[in-house]
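Participant: Structure incoming, see below.
Read-outs: derived from the displayed coordinates by stated rules, not from any lab. Small disclaimer: the values here were computed from a predicted structure and weren't measured. Glycine also receives a Cβ, built like all others from the backbone with ideal geometry; neighbour counts cover every protein chain displayed.
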2 protein chains.
Amino acid sequence: MAAPSVAVDNLNPKVVILRLLMPVLNCEYAVRGEIVIHAQRLQQQLQTQPGSLPFDEILYCNIGNPQSLGQKPVTFFREVIALCDHPCLLEKEETKSLFSADAISRATTILASIPGRATGAYSHSQGIKGLRDAIAAGIASRDGYPANADDIFLTDGASPGVHMMMQLLIRNEKDGILCPIPQYPLYSASIALHGGALVPYYLNESTGWGLEISDLKKQLEDSRLKGIDVRALVVINPGNPTGQVLAEENQRDIVKFCKNEGLVLLADEVYQENIYVDNKKFNSFKKIARSMGYNEDDLPLVSFQSVSKGYYGECGKRGGYMEITGFSAPVREQIYKVASVNLCSNITGQILASLVMNPPKAGDASYASYKAEKDGILQSLARRAKALENAFNSLEGITCNKTEGAMYLFPQLSLPQKAIDAAKAANKAPDAFYALRLLEATGIVVVPGSGFGQVPGTWHIRCTILPQEEKIPAIISRFKAFHEGFMAAYRD
Amino acid sequence: MAAPSVAVDNLNPKVVILRLLMPVLNCEYAVRGEIVIHAQRLQQQLQTQPGSLPFDEILYCNIGNPQSLGQKPVTFFREVIALCDHPCLLEKEETKSLFSADAISRATTILASIPGRATGAYSHSQGIKGLRDAIAAGIASRDGYPANADDIFLTDGASPGVHMMMQLLIRNEKDGILCPIPQYPLYSASIALHGGALVPYYLNESTGWGLEISDLKKQLEDSRLKGIDVRALVVINPGNPTGQVLAEENQRDIVKFCKNEGLVLLADEVYQENIYVDNKKFNSFKKIARSMGYNEDDLPLVSFQSVSKGYYGECGKRGGYMEITGFSAPVREQIYKVASVNLCSNITGQILASLVMNPPKAGDASYASYKAEKDGILQSLARRAKALENAFNSLEGITCNKTEGAMYLFPQLSLPQKAIDAAKAANKAPDAFYALRLLEATGIVVVPGSGFGQVPGTWHIRCTILPQEEKIPAIISRFKAFHEGFMAAYRD
């Protein structure tokens with residue numbers, strides 16, 4: 001079939017080795033990773049031969065994609081988007097009975113901020129100025145410190161922002177980026193595609209996935225001895241796949257570390273609205289830095305935000321932004337240049353980003369229903385997280401840290417040696433072996449921890465907290481039954 | 001301001017040199033290139049000090065962004081999008097009076113093809129299967145040859161597809177891509193960012209920007225002698241910035257050339273709906289290849305399409321696709337891998353791409369109004385192109401090929417030596433000097449030909465045909481007056 005001119009062995013090796021280096025891009029490849037491909041095959045089998053499997057549906061717990069599992073979009077956001085997409089509606093009388101009054105006035109305001117009201121035009125490459133003003137106001141109100149529209153780059157989800165920064169910072173394989181392990185594989189993939197070195201630092205599972213400055217320092221020093229020029233530190237807070245929320249003091253130490261070591265702080269803050277415990281709150285790294293008296297001169301800092309997470313979960317809209325502070329004007333020009341090569345991010349995503357940073361306020365017509373939708377989603381997610389955490393911890397050989405935030409549990413599996421041997425015989429990592437058996441027995445789809453990185457010799461799975469709440473008890477009982485059977489079968 | 005750790009001299013040089021290599025990314029940087037920045041400054045001056053300039057408005061002819069200049073979106077497309085964004089509308093009685101019946105039924109069909117009707121969920125990384133089926137059907141009906149949903153990769157506009165292919169094909173600076181000169185700077189920028197070599201071939205202005213196979217062969221052989229491994233040929237048809245529509249016979253020669261030389265044919269076909277002359281029609285390269293009896297085994301071929309162009313001009317929606325044929329399964333897997341790192345393109349753009357490839361048909365409720373909107377836009381564009389072409393050709397020292405397609409005129413300026421000397425004294429390329437003087441005298445914004453590449457010693461400007469039709473006479477008379485004055489001032 002192939003024309004001989006193009007074959008895998010003459011493609012860009014940075015692309016080709018991506019999977020070999022990181023056998024576990026199953027998370028990024030959730031739609032096609034080995035386990036998910038198998039799940040889709042089983043789903044087809046359930047359709048064509050009902051009753052042929054020991055379960056009657058596939059339960060996807062593998063990807064942070066809430067609306068694919070039935071989460072409803074927030075009404076206010078969708079009303080505004082529909083009105084902006086089809087502004088003729090604003091001139092029709094019927095519209096008043098179909099849309100809430102504040103959605104109508106918000107859409108009117110947004111359209112007025114777009115040159116020519118043209119939601120179908122390319123915008124400024126950083127995004128529409130009026131929307132960036134709104135986002136900056138939302139950040140300022142969140143943090144209590146000023147934010148500037150000129151620092152905002154609107155992007156199609158958070159990923160393009162991460163790629164832009166990697167493209168800018170990485171010159172060659174001697175440029176390193178400090179990344180947490182476990183990590184969201186976007187980072188390892190982006191570093192690999194741009195030809196840099198991933199410098200790992202391990203989160204401490206025994207302290208609830210704490211980030212230890214001493215380990216950061218050690219990894220940094222080791223890398224420098226190897227001739228790696230470490231350019232930046234990635235922190236994911238709340239954590240993915242680990243679900244921890246960093247303590248304020250820890251954040252201060254991280255900021256100080258970056259300042260002292262001359263590192264760019266790349267703060268993945270896309271789960272900033274997903275907090276499930278009373279004793280923790282989200283603090284942006286910018287707020288922490290400013291509260292320490294650090295300003296633009298002290299620290300180059302990038303904060304990534306996305307409309308895909310939070311209580312909104314609008315993954316398909318591909319909206320997001322990065323806020324960049326502490327970069328010189330010439331460097332900012334380079335960032336702008338990279339942004340402008342793709343012209344601009346999609347305007348619907350831009351509008352949505354402005355909305356999630358400025359939702360309805362008390363007194364607005366939609367406020368009560370908006371708040372009920374938001375609280376309903378977040379409280380349900382908290383209950384689901386707690387129920388799954390308790391279930392995992394009740395099982396032999398599983399320990400699971402609390403999900404303080406984000407959308408995932410990352411339980412550790414202490415597998416019997418016989419299971420590890422069986423995995424080896426099947427040419428699979430033990431956690432992948434476990435996840436496949438789990439799928440085949442129960443229809444539950446999780447991602448093996450090897451997809452995110454883990455301390456060698458430990459095994460984990462990542463399980464989202466996103467299946468509909470009424471399905472959680474069934475997931476738990478199926479999981480329990482499988483796990484007990486698995487442990488019994490492979491007991492040493 | 002700058003943290004010392006990040007400075008231009010320690011950024012990725014592929015990013016930093018981008019502008020130096022190609023001083024003319026003003027097109028990509030239309031929102032901020034020297035001339036456009038100056039135009040924005042003048043626009044502000046007009047607001048704060050009306051009457052202080054010899055014109056009363058800025059006339060943007062610099063970028064293919066129709067809706068920014070007042071082109072209205074096609075109603076049917078926006079109706080469907082609004083309904084898909086806010087599907088609750090489909091349950092309301094009032095909706096029937098606000099939306100056309102076929103928009104309602106199309107939105108219903110589209111939602112039914114999306115798993116869980118979730119327009120807020122990440123899709124398959126190639127795009128939603130049902131939408132790809134619709135696009136494949138649209139391609140098949142356009143070409144008269146089958147198309148396959150598995151070959152379609154939906155993208156945020158056409159640019160990400162181009163970047164993906166460059167990322168895949170370019171291993172190092174010895175990998176070359178044949179590109180037309182003049183060219184749309186996306187190609188030069190993408191090749192530079194991925195570290196490859198741009199192998200130029202010149203379009204022949206004297207034959208209406210014809211593509212000469214003999215020049216292609218010569219450039220290919222010269223590059224090979226220099227050790228360049230030429231991987232692909234970029235063809236832009238209809239041409240940007242040159243506006244020509246390739247003749248069928250020419251296309252057949254290009255296909256044969258690619259097959260014989262083992263090149264990937266990268267066909268930029270985003271202007272496929274923008275044809276303004278009766279004696280030419282758009283033929284996709286896939287149709288041409290299939291009509292020659294070439295199949296998947298003969299030729300790796302990528303066709304890029306976008307919702308930003310055509311009569312729809314939906315630049316802000318960032319929709320598009322690439323259709324890839326003739327690649328082996330392992331190579332396709334690598335393409336998929338690159339696509340999946342960013343999860344998926346935005347769903348609104350995906351829906352729009354399915355709509356532009358399957359617009360209303362005779363008999364549909366919207367058909368008459370849709371056709372009136374479409375024909376109105378295309379006929380007006382054709383009149384604008386003709387009027388501007390005639391005006392340019394009526395002027396001393398300007399020759400302008402016919403705009404057969406796309407959205408641009410690319411007239412050649414024969415400038416007096418004194419003007420060239422004055423440009424040199426001002427440290428500017430003569431065409432940039434001319435464009436700046438034009439702006440300052442008339443408010444008309446064009447992009448100098450040096451932004452696209454041109455035969456050394458020739459000078460051009462790119463002027464879009466997009467200003468509203470009622471403004472064209474004023475543009476022409478202002479342009480004429482300026483040009484006559486300029487020529488008089490610098491006459492040798």
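Participant: With θ set to phi - 60°, apply the Karplus curve 6.51 cos²θ - 1.76 cosθ + 1.60 along the stretch B:181-187 and write out the HN-Hα couplings as whole Hz, x wherever there is a Gly or Pro.
Facilitator: Rounded to whole hertz, the list is 10, x, 9, 6, x, 3, 5.
Participant: Computed over the Cα atoms of the protein assembly as shown, what is the convex hull's projected area averaged over all directions, in nm²?
Facilitator: 40.0 nm²
Participant: Further, regarding this structure: Could you tell me how far the Cα centroid of the stretch A:453-470 sits from the Cα centroid of the stretch A:297-336, in Å?
Facilitator: After rounding, the separation between the Cα centres reads 27 Å.
Participant: Between B:T399 and residues 5 or more places away or on another chain, which pairs have amide H atoms under 5 Å apart, with H built 1.01 Å from N, and which residues are they?
Facilitator: It is B:Q412, B:S414, by chain and number.
Participant: Neighbour counts of other C-beta atoms within 10 Å: give me A:I177, A:I104 arranged from fewest to most.
Facilitator: Numbers: A:I177 27, A:I104 19.
Listing A:I177, A:I104 from fewest to most nearby Cβ atoms yields A:I104, A:I177.
Participant: Using DSSP to call loops (not H, G, I, E or B), can you name the trypsin sites (Lys or Arg not before Pro) in the stretch B:384-492 whose Cβ has at most 13 other Cβ atoms within 10 angstrom? Walk me through the numbers on the way to the answer.
Facilitator: Numbers: sites: B:R384, B:K386, B:K402, B:K418, B:K424, B:K428, B:R437, B:R462, B:K471, B:R478, B:K480, B:R491; in loops: B:K402, B:K428, B:R491.
Qualifying residues, ordered by number: B:R491.
Participant: If amide H atoms are built 1.01 Å from N in the plane of the peptide, which residues on other chains or at least 5 residues away come under 5 Å of the amide H of A:I444?
Facilitator: Answer set, sorted by chain and number: A:L59.
Participant: While we're here: Quick check: the distance between the Cα centres of the stretch A:82-104 and the stretch B:377-452, to the nearest angstrom?
Facilitator: Between the Cα centres of the stretch A:82-104 and the stretch B:377-452 lies a distance of 43 Å.
Participant: Say a label goes 7 Å from Cα toward Cβ at B:E261 in every copy; what distances in nm does this one have to the rest, shortest first?
Facilitator: 4.9
Participant: Order of B:I475, A:I213 from fewest to most other C-beta atoms within 10 Å? Each step should come with its number before you reach the end.
Facilitator: Working: B:I475 21, A:I213 14.
Taking fewest neighbouring Cβ atoms as first place, the list is A:I213, B:I475.
Participant: Starting from 0 in steps of 10 Å, tell me what percent of the Cα-Cα pairs of the stretch A:28-134 lands in each bin.
Facilitator: Binned Cα distances yield the sequence 12, 27, 20, 18, 19, 4.
Participant: Still on this structure, I have one more. Set the Förster radius R0 to 51 Å, insert the Cβ-Cβ distance between B:S105 and A:K480 as r into 1/(1 + (r/R0)^6), and round the FRET efficiency to 0.05.
Facilitator: On the way: r = 47 Å, r/R0 = 0.91.
After rounding to 0.05, the efficiency reads 0.65.
Participant: How large is the helix-only mean residue ellipticity at 222 nm for chain B, computed as the sum of -39500 (n - 2.57) over DSSP H runs with n ≥ 4, divided by its residue count, in deg cm²/dmol to the nearest 500?
Facilitator: On the way: 18 runs with 211 residues, N = 492.
Dividing the helical sum by the residues of chain B leaves -13000 deg cm²/dmol.
Participant: What does the copy distance list look like for A:D56, label position 7 Å along Cα→Cβ, in nm and ordered from shortest?
Facilitator: Going from nearest to farthest copy, the values are 7.4 nm.
Participant: Then there is this: Starting from the amide H of A:V199, placed 1.01 Å from N in the peptide plane, find each other amide H under 5 Å away whose residue is 5 or more places distant or on another chain.
Facilitator: So A:V199 has HN proximity to A:I177, A:L178, A:C179.
Participant: Could I ask something else about it? According to a simple spin-label model (label point 7 Å from Cα along Cα-to-Cβ), what is the distance in nm between B:N427 and B:S214?
Facilitator: My value for the distance between the label points is 4.3 nm.
Participant: Put the label 7 Å from Cα along Cα→Cβ for B:D150; what are its distances to the other copies, in nanometres, shortest first?
Facilitator: 5.3
Participant: What GluC sites (Glu not before Pro) in the stretch A:47-104 are in a loop by DSSP, with at most 14 other Cβ atoms within 10 Å of the Cβ? The partial results should precede the final answer.
Facilitator: Values: sites: A:E57, A:E79, A:E91, A:E93, A:E94; in loops: A:E57, A:E93, A:E94.
Within the stretch A:47-104, the qualifying GluC sites (Glu not before Pro) (loop, at most 14 other Cβ atoms within 10 Å) are A:E57, A:E93.
Participant: State to the nearest 20 debye the size of the charge dipole of chain A about its Cα centre, where the only charges are +1 on K and R beta carbons and -1 on D and E beta carbons. Mind showing how you got there, number by number?
Facilitator: Working: 49 positive and 51 negative charges, 61 e Å.
Using only the charged Cβ atoms, the result is roughly 300 debye.
Participant: Stick to Cα atoms and the Kirkwood definition of Rh, then tell me Rg/Rh for the stretch B:388-492. Can you show the working numbers first?
Facilitator: Numbers: Rg = 13.0 Å, Rh = 13.9 Å.
Over the Cα atoms of the stretch B:388-492, Rg/Rh equals 0.94.
Participant: Within 10 Å of each candidate Cβ there may be at most 14 other Cβ atoms; applying that plus a DSSP loop requirement, which trypsin sites (Lys or Arg not before Pro) in the stretch B:275-342 survive?
Facilitator: Numbers: sites: B:K280, B:K281, B:K286, B:K287, B:R290, B:K309, B:K317, B:R318, B:R332, B:K337; in loops: B:K280, B:K281, B:K309, B:R318.
In loop regions of the stretch B:275-342 (DSSP not H, G, I, E or B), the sparsely surrounded trypsin sites (Lys or Arg not before Pro) are B:K281.
Participant: Can you give the percent of C-alpha pairs in chain A whose distance is more than 30 Å? Spell out each step's value before the answer.
Facilitator: Values: 59902 of 120786 pairs.
When every Cα pair of chain A is considered, 50 percent fall beyond 30 Å.
Participant: Once the principal axes of the Cα atoms of the stretch B:115-356 are found, what is the range along each, listed largest first in whole angstroms?
Facilitator: 55, 44, 34
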